[in-house]
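Trainee: Let me begin by handing over the structure; questions about it come next.
Derivation of every value follows stated rules applied to the coordinates shown; laboratory data play no part. For clarity, every value in this text was computed on a predicted model and none was experimentally measured. Heads up, the Cβs are rebuilt from the backbone with ideal geometry, glycines too, and the neighbour counts pull from every protein chain shown.
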Amino acid sequence: MLFTQKMSQIGLVVPAQYGFQVAVLLNKERIFHQIDNSNLYTDTGPGSPEDWRKRAASYANLENRLLSNMKLLGIQPGDQPGNNLAALERMYAVQPETDRLEREVLELSDSLTEVQDELNLCQGYIQQLEAIVDVALELPVCPNSRFLFCLFGFVPTTNIERLRASLARIDCLLLPLQQGQPTTFVMLAGSRKDQSVLERAARSAYLNPLSLPEGMLGTPAVWLNRLKRRMQKLQEEIRNQTQLRETYCDQIRSLYWRVHTSRLLATTLSRFGKLHYTYVIQGWLPYQQLSEFEKKLKGISEDILIEVQVAARGGMGQGVPVALNHRGIFHAFESLVMNYNRPHYNEIDPTILLTITFPILFGFMFGDVGHGLVLVLIGILLASQRIGVLKRFAELGQIIIVCGMASVLFGGLFGSVFGLDDLFAAFWIRPMENILHILIVTVAGGVILLSLAYLLSLYNLAISRRRGAFFFSPQGLAGLMLYWSLIGLAVDLFNPGILPIPNSILTGVGIASAVAVMFSEALTHLVEGRRPLIKGGVATYIVQAFFELFETVIGYISNSLSYVRVGAFAVAHAGLSAVVFILAEMVGSSQHPGYWVVVILGTLFIIGFEGLIVTIQTLRLEYYEFFSKFFRGGGIPYQPLEIK
Amino acid sequence: MYGNLLSRDDWDHLSSITDAGALIEALKGTVYGAYINRVKAEDLTTRRVEYEMHKYLADAFGVVIKHIPDHARALMIQLYRLYEVDNLKATLRGLVLRESWEQIRYTLFPYGNSTVLPAKAITESGTVEEAVALLQGTPYYHTLVHALERYEKEQNLFPLEVALDLDYWRELWRLLNRLSLSDRQPTMPMIGGLLDICNLIWALRYRIYYHLSEEEIINYTLPFGYKIHDEQIQAIAAGEDIVRIIKEACPDLPHPDELLQDPLRGLPKLELWMQQKVYEACHSAMLGYPFHFGVPLAFLLLTEYEIQDLTVLLEAASLQIPIDRYKRFRVSALPMGLTV
């Protein structure tokens, strides 16, 4: 549990005729993390990596075209329909099918756009004609007359007189047909020879000409009825075409998944190494699932050769993918670890430690039975996934439940319920009444956590066989001894004689380990046989080493004291809760509704605002004080083949 | 009110300063100081100082609008809206030229909270059509929606801007004529004078610069005015002799023949002379019987001219132009005659 899953590297030599079946099995089982072997062998004939790459590219091309068509239809690929893994579609079959669907979808889409455009045009005409429906004049008047120029349109009512004035010098008729605000429908008529003057005047008076349907002849009322009937027909046509579209949706989705599956299988095959008659396949899978997987491979053919090498911690850990398989609450806390870094194969996975220490630190800082129960309820609400928009916070809900329970536990130890400390006696102590005591306890807790972190660091250094760092680095044995001797000396200073170890021994161990830490670089090089022992001049090295030691010691002190905040927040939480009740009492007695309004708002503020701050502080302590001592991360993600 | 305007001594002192930085420092000692001092020293460009001085004017408009009697308030609000129309035009130009809000914001008049323009949203709207849609519910919406058809055909802001201007001045004239005779009489030379400047200069520009046809000039101008009448506008549109028309409309204009010999140079001078007449009318309104609407109006217009002249001063100082070269561009500095 303290490590990521044990992995085994597997190499397969598969007779060429079983290559496809093996590719299907690898995708179906969803446990095989494939290594690209295609560059190791140079076969370029049929069934070679190059050949499969080309096929994968062809499938990818079809897939993209189908996706574009789906976008045109406004649909998503959805979930994979059933299990169609066994099929590798023939290009000569799926290509024409894609062509046909693409053509029909395009035709449908064009036709739909055309109908929609005509509908919009109709709406525009109707809007204009509705404004002049009472005009009993057949439009257009004398459309092709050689001598008469006639213009109908809407002009701002305030512009009419000015338009009339501008046309005073020519013979023409400006006739308002339907008065309105802010525009009036007018007819402007004159001699054809004055057309340009009339047009300029109309344009400069902001006369927007009436745009009529082509070939229109009749009164606006007649045309309005015709256009409304046409609009109904167009709407009916849009409905029919939308229904037709639905039938294409199923076809196109089905074809998409067939092509998509073929593309993934072809990609898998393109990463196989190809000899003349065999495929050479390499990859990783969890050790636990190895024997079952071997059986399934042998089920395809007894001729498949399987070579397995279990990845030991330490030696060959560099390229090993890291599989995490935490479940339940551990899976929820795994996301917090991944937020920091992915564990490396050669180091301890801190998920379980985080699952234990995070709620303890949170609960200590936010210890209150009432507030904790509210957090539990909020967590249950999120984890239950009953509210659609909050579904993605289900894992956060689990973390909140655990933290809430820790708050309830510490609330019991502190004797606090919604800030009231007189409901029952504290099972341990009341933070507000024992401030110094609680701060000392939290620093002691911090020392224990940091010691644990240094011990874990020792373990990680040991399994990764970094001998020099194990003995001499600030995170190694010398660092741990120095830290403990400093702690011991500090304890002895404030409580002389409390430790069973004499002061002189602590001092001696402290000096020796300080020297080791100070010269850790040279000593590491010496032990590991690396030369030169130091880079640059001796004097520079000593000055640099001294300041590094100084920084290390300061780091030990500041890291330990950093945990004081746990106690400080416990006190602050109790204080803040008390303030809420003081404010409530200022508003009125407990019979006064204002009292309860202040109490409820104050409690919400504490849970929301202080809860957020405490979460940030807890994360800070975990990431920067605890993880940084032993957890490097940088693992390779385990990505098994699968069709999705 | 009158005491808030810069005195002759102030003008002499400010005109003697030739360095822009020193001039800004000197302005801090005037009524504009309270506004200029709010800006960090490194942000104090001449444009920013102008912007801050306009804030003073905006506040003055706010105070006057709040305290004048109800019957005159609508006219004062409409007069103040002139700056909003200018802001709208500037914002639309910025939109078409793809300028950012940061580039545009300090070129606008600081209209304050009473503006109905979502200027930033207009700048970021992407197209003029979308910008017009944002103006729904404002007094400009119907005018612009109707003119939009021409913008879409011509891809030019000219029809939108003309439509806005005509609509604005028609409404201002309508409100002016609703005033009682006692209020209208002192107000007419000022607002009517402003309208005359616009109408005459529009007509002359359309004819001289843009060579528009008679019917276009008539449709793009107004049929009313204080001293400039529709017959004169229509005569300009019809291509009649401009000098004769100007002599008839402005009989006390000095050297009209000389002035309009080169119309391209003469038009700005004519405009300045007409502004001086309004300036003179504003001073006249301040004298005599004080209980009429013309007094606060005159104060606001004089402040506007004062800021206009201070801007000339600032720009001249920043470009190191000597006083004798820029003095003729100031409305308030000239005696009431024109040096051609």
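Trainee: Name the residue from A:Gly319, B:Tyr32, A:Leu108 whose Cα lies farthest towards the positive end of the charge dipole of the protein assembly as shown, charges +1 on Cβ of Lys and Arg and -1 on Cβ of Asp and Glu.
Mentor: Most positive-ward Cα: A:Gly319.
Trainee: Net charge near A:Tyr459, counting Lys/Arg +1 and Asp/Glu -1 over other residues with Cβ under 11 Å of its Cβ?
Mentor: Numbers: positive: A:Arg313; negative: A:Glu347.
Taking every other residue near A:Tyr459 into account, the sum is 0.
Trainee: Counting only other residues whose beta carbon sits under 12 Å from that of A:Phe414, what net charge do I get with K and R as +1, D and E as -1?
Mentor: On the way: positive: A:Arg430; negative: A:Asp368, A:Asp421, A:Glu433.
Result for the local shell: -2.
Trainee: Additional query: Tell me, what does the Kirkwood hydrodynamic radius of the protein assembly as shown come to in angstroms if you use every pair of distinct C-alpha atoms?
Mentor: Values: mean 1/r = 0.0257 Å⁻¹.
About 38.9 Å for the protein assembly as shown.
Trainee: If you don't mind, there's one more thing I want to ask. To the nearest 20 debye, what is the magnitude of the charge dipole of segment A:197-244 about its Cα centre, counting +1 on the Cβ of each Lys and Arg and -1 on the Cβ of each Asp and Glu? Please report the intermediate quantities before stating the final value.
Mentor: Numbers: 8 positive and 4 negative charges, 24 e Å.
It comes to approximately 120 debye.
Trainee: Which whole-angstrom value gives the distance between the alpha carbon centres of segment A:236-281 and segment A:19-83?
Mentor: So the separation of the two Cα centres works out to 9 Å.
Trainee: Identify, among B:His292, B:Leu259, B:Gln155, the residue whose Cα sits farthest towards the positive end of the charge dipole of chain B, taking +1 on the Cβ of Lys and Arg and -1 on the Cβ of Asp and Glu, with the dipole about the Cα centre.
Mentor: B:His292
Trainee: Something else: Taking the beta-carbon count within 10 Å as an exposure proxy, list B:Glu129, A:Glu551 from fewest neighbours to most.
Mentor: Values: B:Glu129 13, A:Glu551 10.
Ascending number of Cβ neighbours within 10 Å: A:Glu551, B:Glu129.
Trainee: Follow-up. Given only helices, namely DSSP H runs of n ≥ 4 each adding -39500 (n - 2.57), what is the per-residue ellipticity at 222 nm of chain A, to the nearest 500 deg cm²/dmol?
Mentor: Values: 20 runs with 370 residues, N = 644.
The per-residue figure over chain A is -19500 deg cm²/dmol.
Trainee: Rounded if a/c is under 1.5, else prolate if a/b beats b/c, else oblate: with a ≥ b ≥ c from the C-alpha gyration tensor eigenvalues square-rooted, which is segment A:243-361? Write down the numbers at each step before the final one.
Mentor: On the way: a/c = 2.71, a/b = 1.25, b/c = 2.17.
Oblate shape, in that a/c is at least 1.5 and b/c is the bigger or equal ratio.
Trainee: Here is a follow-up. Can you put B:Asp59, B:Asp183, B:Asp324, A:Asp492 in order of Cβ neighbours within 10 angstrom, beginning with the fewest?
Mentor: On the way: B:Asp59 14, B:Asp183 20, B:Asp324 7, A:Asp492 17.
Fewest to most other Cβ atoms nearby, the residues stand as B:Asp324, B:Asp59, A:Asp492, B:Asp183.
Trainee: Another question about this same structure. Treating the beta-carbon of each Lys and Arg as +1 and of each Asp and Glu as -1, no other charges, what is the dipole magnitude of the protein assembly as shown about its Cα centre, to the nearest 20 debye?
Mentor: 2260 debye
Trainee: Next question. A:Leu450: net charge of surrounding residues, Cβ under 9 Å, Lys/Arg +1, Asp/Glu -1, itself excluded? Mind showing how you got there, number by number?
Mentor: Details: positive: A:Lys629; negative: A:Glu625.
Result for the neighbourhood of A:Leu450: 0.
Trainee: When the helices in chain B are scored as -39500 (n - 2.57) per DSSP H run of 4 or longer and the sum is shared across all residues, what 222 nm value do you end up with, to the nearest 500 deg cm²/dmol? Mind dumping the intermediate values first?
Mentor: Working: 18 runs with 227 residues, N = 340.
Rounded to the nearest 500, the figure is -21000 deg cm²/dmol.
Trainee: I need the Debye-formula profile for segment B:174-288: one equal scatterer per C-alpha, no solvent, reported as log10 I(q)/I(0) at q = 0.21, 0.22, 0.23 1/Å, two decimals.
Mentor: For segment B:174-288 at q = 0.21, 0.22, 0.23 Å⁻¹, log10 I(q)/I(0) is -1.16, -1.24, -1.32.
Trainee: Most exposed first by the Cβ proxy, i.e. fewest other Cβ within 10 Å, how do A:Arg620, A:Arg313 rank? All intermediate terms of the calculation are to be shown ahead of the outcome.
Mentor: Numbers: A:Arg620 14, A:Arg313 19.
Ordered from fewest to most neighbouring Cβ atoms within 10 Å, A:Arg620, A:Arg313 come out as A:Arg620, A:Arg313.
Trainee: With point charges of +1 on the Cβ of Lys and Arg and -1 on the Cβ of Asp and Glu, referenced to the Cα centre of segment B:133-243, which listed residue (B:Ile218, B:Asn177, B:Tyr141) lies farthest in the positive direction of the dipole?
Mentor: B:Asn177
Trainee: Report, to the nearest 10°, how far helix A:611-620 tilts away from the longest principal axis of the Cα atoms in chain A, using its own Cα long axis and a range of 0 to 90°.
Mentor: 60 degrees
Trainee: Find the percent of Cα-Cα distances in segment A:121-199 that exceed 14 Å, and round it to a whole number.
Mentor: Working: 1983 of 3081 pairs.
Of all Cα-Cα distances in segment A:121-199, 64 percent exceed 14 Å.
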